[in-house]
1. Going through ARG43, ARG61 one at a time, which residue ends up being surrounded by fewer than 22 Cβ atoms within 10 Å (Cβ to Cβ), outside any helix (DSSP H, G or I) and of a type in the set (Lys, Arg)?
2. Just checking, does the stretch 140-147 include any residue being closer than 18 Å to ALA246 by Cα, modelled with pLDDT of 95 or more, small (Gly, Ala, Ser) and in contact with a strand residue (DSSP E or B) (Cβ under 6 Å, 6 or more places away or on another chain)?
3. For the stretch 74-91, what are the residues that are among the acidic types (Asp, Glu) and either at pLDDT below 95 or outside any helix (DSSP H, G or I) (or both)?
4. Go over the candidates LEU252, LEU237 one by one and state the one that is outside any loop (DSSP other than H, G, I, E, B) and touching a strand residue (DSSP E or B) at 6+ places or on another chain (Cβ under 6 Å).
5. Consider the stretch 125-143. How many of its residues are part of a helix (DSSP H, G or I) and either under 15 Å from VAL236 (Cα atoms) or not hydroxyl-bearing (Ser, Thr, Tyr) (or both)?
6. Do you know which residues across the stretch 228-258 are among the acidic types (Asp, Glu) and either within 17 Å of ARG166 (Cα to Cα) or surrounded by fewer than 22 Cβ atoms within 10 Å (Cβ to Cβ) (or both)?
Amino acid sequence: MRIELTGRTVVVTGSTAGIGRAIAVAAARAGATVVVNGRDETRTQAAADEIAEEAGAGEVRPVAADVSTAEGAQQLLDAVPDCDVLINNTGIFSATPVFEIPDSEWQRFFEVNVLSGVRLARHYAPRMAERGWCRVLFISSESAVMTPTEMVHYGVTKTAQLAVSRGMAQELAGSGVTVNSILPGPTLTPGVEEFIADRVEPGAGFDEAEAAFIRQERPTSLLGRLIRPAEVAALVLYAASEHASATTGAALRVDGGVAPTLIP
């Protein structure tokens, strides 16, 4: 199977590092014009240059905008009025005891993790439907179906993404536009590396910290290690392609078997 996105414009929010960056590289290698997004202009430009060099294909365009705000989302939409594939990857997480999470943090997590994607899809999806082919993807998490005790507010927003993507898929039924969620498990991103270094065996080498994190925090993992961003990007690339034309309204797992459920 060869995945080809030549002639497609792919917007990847939050793509200067981690999963988003890996998705941008994969989409560019498949021939797409990729819009790399981050909040800081200098960092976004640098990431776009690195992604273009690593991919060696496609066209990579930086757009700096904070899509967690209405103003920032509009800034991105003004720069890129139409796209063929929207990948809502922007997200934040942190470990906080549930009874210590203030209203401001609940609201911030909802703005970043949920409303960022809602705002962009609300603009792009109806225009996609007029063209009769497009893809909308929400990068959710296994935390959507297995709420982490240490970050309930994060889990709530990931569950919300599943409901949003399913509802949008239903609204776009028969249009040729598919909407799906991707559920990665714990993935080796810079943020996660810092998170486990602080939380598990401080001072230990990374290999030890990774093993301890899986053993202590995600003991249901069948993979027995953190997922790599490129492994998530591979599923995202498939879901963004022509090959996934019959997949919509779905929650697609790339979680290493962490969630001990059959569905999703």
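The values are calculated or read from the model by the stated rules, or taken from the named source; none is laboratory data. Just so we're clear, the structure is a prediction, and the values are computed from it rather than from any experiment. As a convention, Cβ positions derive from the backbone with ideal geometry for all residues, glycine included, and neighbour counts pool all protein chains shown.
1. Working: ARG43 fails: outside any helix (DSSP H, G or I).
Going through ARG43, ARG61 in turn, the sole match is ARG61.
2. no
3. Going through the stretch 74-91, the residues among the acidic types (Asp, Glu) turn out to be 78, 82, 84.
Result: ASP82, ASP84.
4. LEU252
5. Residues flagged as part of a helix (DSSP H, G or I) and either under 15 Å from VAL236 (Cα atoms) or not hydroxyl-bearing (Ser, Thr, Tyr) (or both) within the stretch 125-143 amount to 8.
6. Answer for the stretch 228-258, where residues must be among the acidic types (Asp, Glu) and either within 17 Å of ARG166 (Cα to Cα) or surrounded by fewer than 22 Cβ atoms within 10 Å (Cβ to Cβ) (or both): GLU231, GLU242.
Residue by residue, here is whether (1) buried (at least 16 other Cβ atoms within 10 Å of the Cβ); (2) in contact (Cβ under 8 Å) with a residue 24 or more places away in the chain; (3) assigned to a loop (DSSP other than H, G, I, E, B); (4) touching a strand residue (DSSP E or B) at 6+ places or on another chain (Cβ under 6 Å) holds:
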residue: ARG2; (1), (2), (3), (4): no, no, yes, no
residue: GLY14; (1), (2), (3), (4): yes, yes, yes, no
residue: ILE51; (1), (2), (3), (4): yes, yes, no, yes
residue: ASP66; (1), (2), (3), (4): yes, yes, yes, no
residue: GLY72; (1), (2), (3), (4): yes, yes, no, no
residue: PHE93; (1), (2), (3), (4): yes, yes, yes, no
residue: VAL114; (1), (2), (3), (4): yes, yes, no, no
